[in-house]
Amino acid sequence: MCMGLGCNAAGVVGCRIVDSPRERLIAILTNSLVPCNGRFPTLITILTLFCAGGGLVAGGALAGLVVLGVAGTLVVSRLLSATLLRGTPSAFAMELPPYRRPRLGQVVVRSVLDRTCFVLGRAAAVAAPAGLLIWLCANWAPGGISLLARCAAALDGVGELLGMDGVILTAFLLSCPANELFLPLLLMGYLSTGVLAEPEDLTALGQLLTDSGWTGLTAVCVLLFTLFHWPCTTTCLTVWRETGKVRWAVAAALIPTGLGGLLCLIVASAARLLGLG
């Protein structure tokens, strides 16, 4: 879980330490419920823009979101253990090996080749086709309307039901290769530009989001869906590689998405009933 805070793909690889195949699978399927490093920029930016009370309150809210992710991991793990992946819990006993002086060459080779190159290789295999897809969606405009705008319009109804809009859901979908792409894709959708753009000024970004119809409810739902939605493509490929089955990679994507969608639906519905929407 702690490795997942840095990268969910590395967290999935780290699940190899679990001896029980059943419990290892549970750990793999729930690893993306804690926010990876790619989701923190989105969480921090939205909390900074919409959280009243300054940086201290925003920092507390960010810590609360991390705790919520941990709680979601524990709850979903318990549900999987009681339903889909029932079995006898295993005992954990670890025997400490004799202490030896570290070998610098071995440490470098294992960390670089076995870990870093593996994750970077997966990311590179995803980045090229994803970049082409994003460029096509933003720049190919049959009938004068880009594919990005058509997709946003098609998802607008679902987005409003979840307390968001079609542009937000489209940005989430196209940021599958890397969660860091969400904010640039969101700006590209709202500004109708054909290129990705990084937010340079938080004040201007906040004004743009407000002009685009964002409210406090929108911010809360985006925070929840950022925390709980499908993992990046690299993580899904890593789950496939570690489990050897496509269905577990699909399950690893559907479980957090279902949880995030349900939470957003509950929050949005409750806000509308209370007249806060």
Scan region 126-142 and report the pairs whose first residue is within 21 Å of Cys236 (Cβ to Cβ) and whose second residue is β-branched (Val, Ile, Thr), with Cβ atoms within less than 7 Å and a gap of 6+ or a chain change. Val126/Thr233; Val126/Thr234
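Residues checked against (1) over 19 Å from the mean Cα position of the chain (by Cα); (2) surrounded by fewer than 18 Cβ atoms within 10 Å (Cβ to Cβ):
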residue	(1), (2)
Gly4	no, no
Gly11	no, no
Arg22	yes, yes
Cys36	no, no
Leu56	yes, yes
Val70	no, yes
Leu74	no, yes
Any chance region 137-157 includes a residue that's modelled with pLDDT of 80 or more, in contact with a Phe, Trp or Tyr (Cβ under 6 Å, 6 or more places away or on another chain) and hydrophobic (A, V, I, L, M, F, W, C)? yes
Checked region 95-116 for anything closer than 27 Å to Asn8 by Cα and hydroxyl-bearing (Ser, Thr, Tyr); matches are Ser111, Thr116
Which pairs do you get when a residue that is among the polar types (S, T, N, Q), found in region 214-226, comes within reach of a residue that is outside any helix (DSSP H, G or I), reach meaning Cβ atoms under 8 angstrom, with the pair 6+ apart or on two chains? Thr215/Gly277; Thr218/Gly163; Thr218/Met164; Thr218/Asp165; Thr226/Pro35; Thr226/Arg39
Among (1) crowded, with 23+ Cβ neighbours inside 10 Å; (2) more than 11 Å from the chain's Cα centre (by Cα), where does Ser32 come up short? (2)
Scan of region 251-267 for residues that are among the small types (Gly, Ala, Ser) and buried (at least 17 other Cβ atoms within 10 Å of the Cβ), ordered by number: Ala251, Ala252, Ala253, Gly260, Gly261
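Every residue, every condition in (1) more than 29 Å from Thr233 (Cβ to Cβ); (2) without any contact (Cβ under 8 Å) to a residue 60 or more places away in the chain, yes or no:
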| position | (1), (2) |
| --- | --- |
| Thr45 | no, no |
| Leu62 | no, yes |
| Val66 | no, no |
| Arg86 | yes, yes |
| Pro89 | yes, no |
| Ala93 | yes, yes |
| Pro97 | yes, yes |
| Leu104 | yes, yes |
Would you be able to tell me the number of residues in region 137-182 that are farther than 21 Å from His229 by Cα and of a type in the set (Val, Ile, Thr)? 1
Any idea which of Trp248, Trp240, Trp230 is surrounded by 14 or more Cβ atoms within 10 Å (Cβ to Cβ), in contact with a helix residue (DSSP H, G or I) (Cβ under 7 Å, 6 or more places away or on another chain) and free of Cβ contacts under 8 Å to residues at least 12 places away in the same chain? Trp240
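The values are calculated or read from the model by the stated rules, or taken from the named source; none is laboratory data. Nothing here was measured: the structure is a model prediction, and the numbers come from that model. Every residue, glycine as well, gets a Cβ built from its backbone with ideal geometry; the counts of neighbours run over all protein chains shown.
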